[in-house]
Structures are given as C-alpha cells and as structure tokens.
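The structure under discussion appears below in the form of structure tokens.
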Amino acid sequence: MTHSLETFQSSTTGPGRGLPLENTPPLRRFYVETWGCQMNDLDSQRMTGLLMEQGILPTKAVQDADLILLNSCSVREKAAQKAYSRLGEYRLLKRDKPHLLIGFCGCVAQQEGEKALRRVPDLDFVIGPGRVGELTSIVEQRRRQGRRVVATGFPDARERNYEFDALARDGGYKGMVTIIEGCDKKCTFCIVPSTRGPEQSRPMDDILEEVQHLLDYGFVEIELLGQTVNHWKDPQTGDDFAILLDRVARMPGVRRLRFVTSYPRDFTQEMVDQFAVHENLSPYLHLPVQSGSDRVLKLMGRGYQVEQYDDLVRRLRITRPDLALSTDLIVGFPGETEQDFQATLDLVSRTRYSQVYAFKYSPRPGTAAPRLRVPEVPPEESDRRLQALFALQGVIQHELNQELEGRAYDILVTQWGKKAGTQTGRTPCHRLIHFEYGDQPLELGSLARVRVEKGLPHSLLGRLVA
Ligand code: SF4
C-alpha cells in the first residue's frame, strides 16, 4: 500500500524510553479528555468503543486510569502550548504508576507529530484524526514491542478502519454520523485543512447503513457531520447532499435530522427545498458567515459575498419561516476597519441569529492570514469589537426567545435539570428549554409537548401540556 508523503505519514520511534510493558499490569481503565468540535467528540466515542471492545473500561477519575488519551483541538488559541501543559500534568501520574500509557490525539497531535515525542519524553504515542481506527493496534505495539508510535496523516477513506458499530455513543437518542472528512477550502484563518486533511466523502450506502444501525438501537435524532457537510458527494454516483438529506429524512424512525457545518457557497436551491419537504428536518441551521464585509470575506478567502449570503438566508426563510439560524463570526481579522466591523453588526441586526459563536482573530500556525499585507487590528480594539458584538447579539437573542412565549412545541427530552423535579430538552429549533416534569420524570429521548412560558437570554422556561 503506498501513500503520498503529504497525505499520509507514519513512523515509529524507539525503543528509547519506550521499553516494552508486557509484564506490567493489564490495562483496565482509560480516561479521555476531549476538546473542540463534534468531530472530536465523535472520534472520542470511536476510541472509547474500540477500547471497550478490548475489555478496557472508561473512568471519570483520571488517577484510576491505566491509559490517558488527550483528544486535542487546534482551533483554540495557543493550542499546542495548552496541550503540552496538560500532557505535562498527566506525566506526573506516571511517578506512581509506571505502566500508565499516555496518548496524544486530535488536531494538535496531527500538527506536532514526532515533535511531541521529543518534547514529552514520557508520551507513549501520537495519533492524528485520520488514524483513530488504529488505536488498539498502536496501544498493542507500545505494550508488546516498546514502540512509541506516531500515526499521523490521512490514508484514503477506503483504507481507514471505520467500524461504526464499535462506537460508544454518548446518550441514547442523538446519533452523530460523519459523512465527509477533511476540507479542501482554503480559508486564510483556518488550520482544519492541515489537521484534518483533504476532503473525503463516505459512500451513501455506508452512511445509510450507519443511520439504520442507529435507528435500530432506538436513536431518534440523527446529526450528519462534516467540516463542509453540504459539500458531500457520493464518491461513486456523484449524488449530492440534497439527495442524501432526502434519503435520510425518509427513513422510518428519524424524528429529527440535523447537519453541521454548512458552507454557504455550497448551499444549493435543492438543499434549501428539503426544508419544505421534510418536517423532521429540524428548523435550525448553523451557517457560518465569519464577517459582514465583502472586503474582509475576500481577505478570508471565503469565496462568497454578503449579498449572496443574504439571498441564501432569504430563500431559506421563505421556505421554512420558523427556521432558526446560528453563525460563526471572527472580529479583528487583519485589515478589518471600523467600517467593516459596522457591516458585521448590520448583518447580525438584519439576520437575527438565535445564536452567535464569535471569536477574536488570532493567528494559527501554517495559515495564510498572518502573511496578508494589511494592518493588524490592535488587541484592545478587537476586544472592544467583540464586546459590542456580544451586547448586540444578547439583545436580539433575548427578544427572539421572548417571541416564542405562548407557543407549544414537541420537545426532545435530553437531560436532567439542575433543579430537583426538572428536566431539559430541545425545541425543534434547537433552543434549550427547562420544565418541571410533574409526578414522573420523562424518558430521555422521548418527545413531550411543552409550552414556552418565558424567554430568557440563553434558554426558555416551559410547562408540560397535558
Ligand atoms: S471551510 Fe474554511 S473555515 Fe471551514 S474547515 Fe474548511 S478551511 Fe476551515
């Protein structure tokens, strides 16, 4: 099997400090710390499932673990520094437990590769997101042969070990299904293309099989995942995301269908139309815009203009008037002027998002934005802009939540409330709602009719409808 060096690197070092651990106590418990996005959550669920198949069980107490996995995220500022600091803390546990294994996983692990083994002498292995399926064999190599393995790079999807029935899913109602991995876009601020590799779509049949598997196990909400989820294309037939959405939404048992993250430029009219056809397609869409200024969007390399984004929002809202939108925004991007920032505030005012995830720009290693020949925005100015954005969004969000007062929804019961006698759930438009359950608590994953009594800034209060 051959791979190009750019897309697939794998090496082993050692034995060095990595002496075989064959005669040490068996691995009984593992602990996973997960940072970042849902793709990372799903990778942690995969690793959990693979270890549990080997009889190694999860623990919530790190000091009880024989194996620690740090599943890192590079979207965070100073991500590598934070990851090394956490690995340093875990290393100390080896003093009392020499057979403890520490694995560095996720996007920072992909970036750092062998360097991580050099920097952290007690680190046992490094696994990038494209190699998660090899976890148990890597643990085995470390224990039996003393190899400190670095498994990074991006093998072709067909060569990856993806056993969806070995995933240890969190909860019993929402099943996440990766449909496309990696990203081929080149947004100038984003590190994802180098940490998650080139875009690779899974075949439709594999996806439908996994969804059916989840439905058979009683999952009621399906969430399709990908960095550019709506750029999915069946590798054999070329069928696009609109066709996939239609097929999944029609599967008996899918009560709610959601997908994340959509790329605005790839959203076709056929995809918009699915919101009119399928009631079980949640009226909630995360549609990252990043900036309200064409000039900044161009510097970001986003490939669309504000007018096109506005038009897409308009068509979506005509198709599904109850649609709630959320977005990602970056403030203080290099070259962003006060006028550009005002354009972002204008966009937020007219789009009226139910939620905004906003960040101050900070450079990421290997990205193009730091090399743009434009003036940087001073940190204190970025802070001011971020606070102004949050203040505006806070008012809009509260108003939108208040507008829902008096309406009744079939909500999905998702967890226990913080107060005794309460539970929380999600409305179809993905708002968090708290309610008192009365005599008997409701089964998690069931649907309940709840009327909104009060719209709070970040959630809703409701009452069960008889
Ligand atoms: S579309 Fe842009 S922001 Fe999203 S993952 Fe790809 S490069 Fe990053």
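Of note:
- Residue pairs whose Cβ atoms lie under 7 Å apart, separated by 6 or more positions or on different chains, with the first residue in region 351-363 and assigned to a loop (DSSP other than H, G, I, E, B) and the second of a type in the set (D, E, K, R), are Ser354/Arg431; Ser362/Glu77.
- Residue in region 372-386 that is on the phi > 0 side of the Ramachandran plot and modelled with pLDDT under 95 present: no
- Residues (in a strand (DSSP E or B), touching an Asp or Glu at 6+ places or on another chain (Cβ under 8 Å) and touching a residue at least 24 places away in the same chain (Cβ under 8 Å)) located in region 385-442: Leu412, Val413
- Selection of region 146-204 for residues being in a loop (DSSP other than H, G, I, E, B), closer than 18 Å to Leu69 by Cβ and either modelled with pLDDT of 80 or more or within 16 Å of the ligand (Cβ to nearest atom) (or both) yields Arg147, Thr152.
- Subset of region 433-466 [under 22 Å from Val395 (Cα atoms) and crowded, with 16+ Cβ neighbours inside 10 Å]: Ile433, His434, Val452, Gly455, Leu460, Leu461, Gly462
- Verdict on Tyr361 being within 23 Å of Ser194 (Cα to Cα), of a type in the set (Phe, Trp, Tyr) and surrounded by 17 or more Cβ atoms within 10 Å (Cβ to Cβ): yes
- Only one of Arg143, Arg131, Arg95 that is more than 21 Å from Gly366 (Cα to Cα) and surrounded by 24 or more Cβ atoms within 10 Å (Cβ to Cβ): Arg131
- Residues of region 273-301 satisfying the condition of being of a type in the set (S, T, N, Q), touching a strand residue (DSSP E or B) at 6+ places or on another chain (Cβ under 6 Å) and within 16 Å of the ligand (Cβ to nearest atom): Gln290
- Pairs linking a residue in region 162-184 that is farther than 12 Å from Gln45 by Cα to a residue that is of a type in the set (D, E, K, R) and at pLDDT below 70, with Cβ atoms under 9 Å and 6 or more positions apart or on different chains, are Glu181/Arg160.
- Applying the condition of being more than 14 Å from the ligand (Cβ to nearest atom) and part of a strand (DSSP E or B) to region 205-230 and asking which residue is surrounded by the most Cβ atoms within 10 Å (Cβ to Cβ) yields Ile222.
- Test: residue in region 386-395 that is closer than 28 Å to Leu442 by Cα and in contact with a Pro (Cβ under 9 Å, 6 or more places away or on another chain): no
- Of all residues in region 233-272 being more than 21 Å from Cys183 (Cα to Cα) and in contact (Cβ under 8 Å) with a residue 60 or more places away in the chain, the one that is farthest from the ligand (Cβ to nearest atom): Arg255
- Residue-level check: of (1) farther than 18 Å from Thr344 by Cβ; (2) hydrophobic (A, V, I, L, M, F, W, C); (3) modelled with pLDDT of 95 or more, Leu412 misses just (3).
The values are calculated or read from the model by the stated rules, or taken from the named source; none is laboratory data. In this text the structure is predicted, and so the values were computed from the model without any measurement. Backbone-built Cβ (ideal geometry, glycine too); neighbour counts: all protein chains shown.
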